[in-house]
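J.: Before I ask anything, let me first share the structure, which is written out below as structure tokens.
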Amino acid sequence: AETLQYFDDQVAQDGDRVAFVARDNTFSGNLLVHDGVGLQLIADSDTPEPMRSASDVGPNAPIALDGSVLLFHGMSGPVLVKDGTMATLAGAGDVIGGRTIDWAYFRHDALANGKAALLLRNADFSRTVALADFSIEIPIASAAYELENSFADQQGGPDIVPLGGALQGRGYAFGQNEGLSSS
């Protein structure tokens, strides 16, 4: 029912499915998925849950698509859409690894094999990398890595493995073709 006039730069595609954010003349976002047959509205500025509050802006990029799973930014953080159900993975005010989250972010390529990698900024200004595993019934952060002098999972899971780079202060510095790996 909306006249869409603007389209965000980022598009996610997996097979025949394409996801994108289109905006109306007031710049309100509409998250749409085309499955090769038809176009479906997934969320807009009138979708209050699980984004915790409606907004004039609506859904935002980045967006990520992996099979039937879609990840996008809602008002309080990354929102997962799986089998027609939406769930916020992590957002402002949530507590993971004993730290209160200020904001949560992901990259467009952070979704694969039933997991999403999230970057969390905590209220104490530290940062945490969290791995959300949505292959289980209820999506939860299944690992939390503080990257403060250790590659250990704060929740007792396996350590992440550095592939070059080094821990520095309250973070991890890495160059081209270096990074972190998890099992």
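The values are calculated or read from the model by the stated rules, or taken from the named source; none is laboratory data. Quick caveat, the model's predicted, so the values are computed rather than measured. No Cβ is skipped: glycine too gets one built from the backbone with ideal geometry, and neighbour counts run over all protein chains shown. These accessible areas exclude ligands, DNA and RNA; they are computed on the full protein's heavy atoms, side chains included. Shrake-Rupley method; radii C 1.70, N 1.55, O 1.52, S 1.80 Å.
J.: Which residue out of 31, 119 is within 15 Å of the chain's Cα centre (by Cα), in a strand (DSSP E or B) and either modelled with pLDDT under 85 or within 30 Å of residue 145 (Cα to Cα) (or both)?
T.: It is 119.
J.: Give the stretch 95-109 a look and list any residue that's more than 21 Å from residue 152 (Cβ to Cβ), open to solvent by 20 Å² or more (accessible area, probe 1.4 Å) and without any contact (Cβ under 8 Å) to a residue 60 or more places away in the chain, or say none.
T.: Answer for the stretch 95-109, where residues must be more than 21 Å from residue 152 (Cβ to Cβ), open to solvent by 20 Å² or more (accessible area, probe 1.4 Å) and without any contact (Cβ under 8 Å) to a residue 60 or more places away in the chain: 102, 103, 105, 107, 109.
J.: Within the stretch 34-41, can one find any residue that is surrounded by 11 or more Cβ atoms within 10 Å (Cβ to Cβ), at pLDDT 80 or above and among the β-branched types (Val, Ile, Thr)?
T.: no
J.: Residue check, residue 158 against (1) at pLDDT below 85; (2) open to solvent by 50 Å² or more (accessible area, probe 1.4 Å); (3) within 20 Å of residue 87 (Cα to Cα), all met but one. Which one?
T.: It fails just one condition, (3).
J.: Select from the stretch 19-30 the residues that are more than 16 Å from residue 83 (Cα to Cα) and in contact with a strand residue (DSSP E or B) (Cβ under 9 Å, 6 or more places away or on another chain) and list them in ascending order.
T.: Hits for the stretch 19-30 are 20, 21, 22, 23, 24, 25, 27, 28, 29, 30.
J.: Of the residues 133, 124, which single one is modelled with pLDDT of 80 or more, within 28 Å of residue 10 (Cβ to Cβ) and open to solvent by 20 Å² or more (accessible area, probe 1.4 Å)?
T.: 133
J.: Something else now. Is there any pair linking a residue in the stretch 115-128 that is in contact (Cβ under 8 Å) with a residue 40 or more places away in the chain and over 14 Å from residue 73 (Cβ atoms) to one that is in a strand (DSSP E or B) and open to solvent by 10 Å² or more (accessible area, probe 1.4 Å), with Cβ under 6 Å and at least six apart or on different chains, and which?
T.: As it stands, the answer is 127/121, since those pairs meet every condition given.
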